[in-house]
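The values are calculated or read from the model by the stated rules, or taken from the named source; none is laboratory data. All of these numbers come straight from a predicted model, not from anything done at the bench. Neighbour counts are summed over all protein chains in view; Cβ atoms, including those assigned to glycine, are modelled from backbone coordinates with ideal geometry. Heads up: the accessible areas ignore ligands, DNA and RNA and are worked out on the full protein's heavy atoms, side chains in. Shrake-Rupley method; radii C 1.70, N 1.55, O 1.52, S 1.80 Å.
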Amino acid sequence: MNQLQQPGHDHSSAYLIRRLQELLGPAGVITEASEQEPYLRDWLGKWHGKVSVVVRPANTEETAAVVQLCHATHTPIVTQGGNTGMSGGATPDDSGAQVILSTTRMNRIREVDPVNNTITVDAGVILAHAQEAARQAERYFPLSLGAEGSCTVGGNLATNAGGIAVLRFGNMRELALGLEVVLPDGRIWNGLRGLRKDNTGYDLRDLFIGSEGTLGVITGAVLKLFAQPHARATAWVGAASLQQLVSLLTRVRARCGERLVAFEMMSARSLELVLEHVSDTRAPLESKTAYNALIELSDTEDTGLQAMLEDVLGQALEEELISDAMFTSNQSQTAALWKIREGISQAQVRAGKAIKHDIALPISALPLFVAQAEQALADSGMTTDLINFGHLGDGNLHFNVLLPASTEYEAMKSATAAFNRLIHDLVINFNGSISAEHGVGQLRRDELKHYKSPLEMELMLRIKQAFDPNHIMNPGKLL
Ligand code: FAD
Ligand code: MLT
Ligand code: ZN
């Protein structure tokens, strides 16, 4: 029995804080309410909690010491990275009994190995910094999303983040080769093997990816690198229907293969919202179309990408599959198009309160799903301001409903329940998923319970029990 497990020791928060200060020093422990505040709420303003202390360990060993102490004192831990998550996974409850463990001081790039084509990083490294370290080694790390300047690699792994290049490079699970994790009892599991082949039993790494802080604290990762894309071609297209965009996607994919990196969709209303709420944005096309897509090809060298894109879209225009297209001819035009796409999250926050649905369906089913969902919403008399956009190439829609900013908490809660039931029931009818890339967190926890089969729930609860029998890792989230 170690010193922490001595019976009869003082379990009060004063004892905990004193011990944490001994372990981490003043830089690693935040007790001041005003300094804690940014850690206690999410960026969407949906959740707010309370803690006795926020800890910021500087490395894996300090993290292990903190978790060991929390294990001995049965103190629940909410791990937090960049706090950019969409599902309330990193926000504590309001009991005051939980501790936030922020990974942001663990920000070392440990190694870039150009021969193995891997990068090894601390979990608190900001995604954009990992991308930059790869770039400096003339390699490419492809995970890309609107929050890349502030989200962390650990958060990306814990939510199995997706973003705009999944179509070509896969989501975070497909980009991770190895992990280092502090387990709920404080032991360190070193799974930092940068292997592309490893069939030595159950895949522990894949259990931690997407576990949203409920099985342990990810402290390090080995990630895959790729050759740098030196050429790209970008276009914006307008189409009269979602079915037409799906047909276009199929055609571009068949013609351009691996060169197709992004195929992002925005409804007319999503575009309108960005133009209204995000500065320095303007409509790429003169005519307004029901649906828009931002398409990007890239390659390691210029193999006539622009001509290829112009050719495939030109043909689609001739056949009236799409109504209009605009090609960029320099970096600032390309950046302006991406600014529109990446501005949708912010535009929704500025315009009101969004009920978010992060759903995945077979791509072929998307047009019928949207038609049926719109019809069902109209039939049920629910007034809707639908903000439909997403990663069409991955079958991932953000089928959101915007309510006025003045909507009170209780009204928001009951509207969310009603919209969720209607939309998620339909998603399940289409054999889809109610959680594609943002994670379950506290937002979709009850929905998960509602839709997962009892057998799947039982298996997940047994995994949780095996790793974290004291239930100290992010309680109230996911399960
Ligand atoms: P946090 O928000 O801090 O945490 C998220 C979850 O992970 C929590 O449950 C937390 O407990 C857990 N966690 C964090 N770090 C660790 C760790 N080291 N070990 C164990 N658990 C941990 N997501 C997409 O997938 N695709 C998008 O296109 C996308 N676009 C976005 C655009 C904007 C503008 C914003 C703000 C967010 C967007 N997101 C998107 C949400 C996305 O999930 C997060 O940005 C990111 O993956 C979370 O990283 P984070 O470090 O901020 O994690
Ligand atoms: C995005 O794709 O922009 C985000 O994942 C979605 C959102 O803000 O709801
Ligand atoms: Zn998204």
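I'd like to verify a number: residues in the stretch 170-187 that are in contact (Cβ under 8 Å) with a residue 60 or more places away in the chain and open to solvent by 40 Å² or more (accessible area, probe 1.4 Å), how many? Selection size over the stretch 170-187: 2.
Among the residues in the stretch 60-74, are any assigned to a loop (DSSP other than H, G, I, E, B) and more than 22 Å from Gly439 (Cα to Cα)? There is at least one residue in the stretch 60-74 that is assigned to a loop (DSSP other than H, G, I, E, B) and more than 22 Å from Gly439 (Cα to Cα). Screening Asp93 against (1) assigned to a helix (DSSP H, G or I); (2) open to solvent by 10 Å² or more (accessible area, probe 1.4 Å); (3) within 14 Å of ligand 1 (Cβ to nearest atom) leaves a single unmet condition, (1).
Scanning the stretch 207-240 for residues that are under 25 Å from Glu132 (Cβ atoms), open to solvent by 20 Å² or more (accessible area, probe 1.4 Å) and part of a loop (DSSP other than H, G, I, E, B) returns Gln228, Pro229, His230. Here Leu167, Leu143, Leu204 are screened, and the one residue that is within 16 Å of ligand 2 (Cβ to nearest atom), open to solvent by 20 Å² or more (accessible area, probe 1.4 Å) and among the aliphatic types (A, V, I, L, M) is Leu167. From the list Leu20, Leu44, the lone residue that is in a helix (DSSP H, G or I), in contact (Cβ under 8 Å) with a residue 12 or more places away in the chain and surrounded by 13 or more Cβ atoms within 10 Å (Cβ to Cβ) is Leu20. For the stretch 166-195, name all the residues that are aliphatic (A, V, I, L, M), within 15 Å of ligand 3 (Cβ to nearest atom) and farther than 24 Å from Val115 by Cβ. Across the stretch 166-195, the qualifying residues are Val166, Leu167.
Exactly one residue out of Ala466, Ala405, Ala415 is open to solvent by less than 40 Å² (accessible area, probe 1.4 Å), away from ligand 2 (no atom under 16 Å from the Cβ) and of a type in the set (A, V, I, L, M): that is Ala415.
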